[in-house]
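Single-structure report; data block below.
The values are calculated or read from the model by the stated rules, or taken from the named source; none is laboratory data. These numbers were taken from a predicted model, which means no experiment stands behind them. As a convention, Cβ positions derive from the backbone with ideal geometry for all residues, glycine included, and neighbour counts pool all protein chains shown. The area values use the complete protein model at the heavy-atom level, side chains included, leaving out ligands, DNA and RNA. Shrake-Rupley method; radii C 1.70, N 1.55, O 1.52, S 1.80 Å.
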Amino acid sequence: QFMENWCYDRSTVYGFAKHYETGKPLPEEMFQKLCDQKTFNAGMMACRQLLFGQLDMELYSNYDLLAGESKEEESVFDIHRRVAKKYTPFSIPLEEDRFLCTFSHIFAGGYSAGYYSYKWA
């Protein structure tokens with residue numbers, strides 16, 4: 001995500017942002033719009049990262065695999081929906097959602113109950 005910051009650097013953008021036929025530089029108002037959108041939805045993205053961190057802690061701290069699979073307690077998907085209601089009430093996962101099956105950061109990416117450090121850093 002380091003490279004995306006170059007699109008907000010005026011000298012970098014104007015070094016390449018030219019019309020392909022006329023060679024005219026990017027209009028200033030377009031560059032300003034690019035810079036202005038940088039923080040659009042930043043709060044929602046922060047909530048999403050908080051959800052991931054809390055979900056990671058919940059699964060590693062409190063989840064009982066055997067009880068969850070036998071339906072004695074919540075499944076991992078139930079936990080995902082419960083935690084999402086708190087952190088992202090505008091985007092609660094559907095019953096069929098299986099995002100956790102692909103969330104390799106906490107299962108195979110080395111975070112293991114430490115995903116919160118991603119947002120903390």
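When the residues of segment 9-38 are filtered to those that are open to solvent by less than 60 Å² (accessible area, probe 1.4 Å) and in contact with a Leu (Cβ under 8 Å, 6 or more places away or on another chain), which remaining residue is nearest to Lys119 (Cα to Cα)? For segment 9-38, the residue satisfying everything is Val13. Against the test of being of a type in the set (Gly, Ala, Ser), under 25 Å from the mean Cα position of the chain (by Cα), open to solvent by less than 80 Å² (accessible area, probe 1.4 Å) and at pLDDT below 90, the options Gly109, Gly43, Gly68 yield a single qualifying residue, Gly109.
Filtering Leu55, Leu50 for residues that are open to solvent by less than 60 Å² (accessible area, probe 1.4 Å) and part of a helix (DSSP H, G or I) leaves a single hit, Leu55.
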